Amino acid sequence: MSVNKQFILASRPQGMPTAENFTLIETAMPKPAAGQALVRTVYLSVDPYMRGRMNEGKSYVPPYQVGQVITGGTVGVIVESQIVGLQEGDFIAGQWGWQTHALVTAGQARKLDPNQAPISTALGVLGMTGLTAYLGLLDIGQPKEGETVVVSGAAGAVGMIAGQIAKIKGARTVGIAGSDEKAKYLMDELGFDAVINYKKSSDIQAELTEACPAGVDVYFDNVGGVISDSVLKLLNKGARIPVCGQISLYNLEQPDVGPRIQSQLLISSALMKGFIVGDYAPRFPEGLAALAQWLRENKIKYAEHVIEGFENTPKAFLALFSGENLGKQLVKTADM
Ligand code: NAP
């Protein structure tokens, strides 16, 4: 193939993104210079945090620029290498994002062993989302035997791993997710103790109260909004709340006004703490080793929702906001 296909940000979304916010372009296939390698994308990751980067303004990472390629987690195979120690056919993970090919330097490539785990897992359970679950839950949530842990966004990439780690730690685990199929998977396959389908619930507060008869000790918050308002009413003394994501708010055009929660935190002596997985970079090796070990021991399972075809990348990204994915949302762009 002589061209590189890339998705660039065509315009900044207002509210819910649409396909028109992205343009597929073709550029000349790049040629690696000394110290570079050409990689062909096999899987690329679409992630909720990318929505925030499509806005202008300050955040924990710089915004995407209009006209530039959307960067993000990617795995691929080396096509041509001018890097010592990296050769044609090697698999790597990096951040080159929504393009079929890219040039990488040695520091931008993490070599993968396809015999140890499928390479796609480097974007999920053995990558950013698995680490987010592990570090956010264990560092801030600190679930203990017999406690109740509630996870929102429970059937997503982060949520399903957080819930299973809570089970490993001996907690009663209650998930909140957006379909009966997801609820069934979490309970039958992953061992969640109860799951609430918030899209079907007429009274989420009542259902949560029933699912958490002993109150809530840890709330792993992936979604924010009214779901979180309901969970926060059930906090036990000394509860911990890792604030991982707020996906229900990402596409709002006006700021959301919710209840003032300081009194609830005060009377329950609760700790609510936001975190960004990158803050924990020194602990990534520990997290990856623990996740790999639990996978080997069959103590955690993972799901991937793979959409075929590079041209479907924007569609795969938009599907995150309608909840089409069970587990890690990925785009498969080429065969290995
Ligand atoms: P994901 O959960 O695999 O996919 C997003 C899911 O969010 C959808 O499947 C959908 O499931 C749910 N959702 C979408 N709109 C919603 C709404 N309005 N209300 C409630 N749920 C909604 O994505 P992920 O990668 O695992 O990320 C989960 C959360 O963690 C996101 O908020 C993300 O920004 C955050 N995150 C944070 C960090 C960090 O470093 N702090 C790192 C990674 C991810 P349903 O069918 O259940 O609605």
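The values are calculated or read from the model by the stated rules, or taken from the named source; none is laboratory data. Treat the numbers as computed from the prediction; the structure is a model and nothing was measured. Cβ coordinates were reconstructed from backbone atoms using ideal geometry, including for glycine residues, and neighbour counts include every protein chain displayed. To get the accessible areas, we keep the full protein, side chains included, count just its heavy atoms, and leave off ligands, DNA and RNA. Shrake-Rupley method; radii C 1.70, N 1.55, O 1.52, S 1.80 Å.
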What is the distance, in nm, between label points placed 7 Å from the Cα along the Cα-to-Cβ direction at Glu189 and at Leu252?
3.2
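Calculated from DSSP H runs of 4 or more alone, at -39500 (n - 2.57) each and per residue, what is the 222 nm mean residue ellipticity of the chain, nearest 500?
That calculation yields -5500 deg cm²/dmol at 222 nm.
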Averaged per residue, the 1.4 Å probe accessible area of the stretch 195-336, protein heavy atoms only, in Å², is roughly 52
Please say if the stretch 1-49 is rounded, prolate or oblate, where rounded means a/c under 1.5 for a ≥ b ≥ c the square roots of the C-alpha gyration tensor eigenvalues, and otherwise the choice is prolate for a/b larger than b/c and oblate otherwise?
prolate
Near-label residues of the stretch 170-204 by backbone N, under 18 Å of a point 7 Å along Cα→Cβ of Glu297
170-172, 190-192
Kindly give Rg over Rh for the chain, based on alpha-carbon atoms, with the Kirkwood expression for the hydrodynamic radius.
0.98
Please list, in order, the residues from the stretch 229-248 whose amide nitrogen is less than 13 Å from a point placed 7 Å along the Cα→Cβ vector of Ser269.
236-240
Overall Cα dimensions of the stretch 93-199 - principal axes, largest extent first, Å
47, 29, 25
Assuming a ≥ b ≥ c are the square roots of the Cα gyration tensor eigenvalues, decide whether the stretch 191-230 counts as rounded (a/c under 1.5), prolate (otherwise, with a/b larger than b/c) or oblate.
rounded
More than 25 angstrom apart: percent of Cα pairs within the stretch 29-169:
40
Global geometry of the stretch 100-159, whether rounded, prolate or oblate, following the gyration tensor of its Cα atoms and the 1.5 cut on a/c
prolate
What angle do you read, to the nearest 10 degrees and between 0 and 90, between the alpha-carbon axis of helix 284-296 and the longest principal axis of the chain?
80
Scaled to the compact-protein estimate 2.2 N^0.38 Å, what is the alpha-carbon radius of gyration of the stretch 140-265, rounded to two decimal places?
0.97
Please list, by residue number, every one of the chymotrypsin sites (Phe, Trp or Tyr not before Pro) in the stretch 244-318 that is coil in DSSP and has at most 12 other beta-carbon atoms within 10 Å.
none
Between Ser179 and Ser322, what is the label-to-label distance in nm when each label sits 7 Å out along the Cα-to-Cβ direction?
1.1
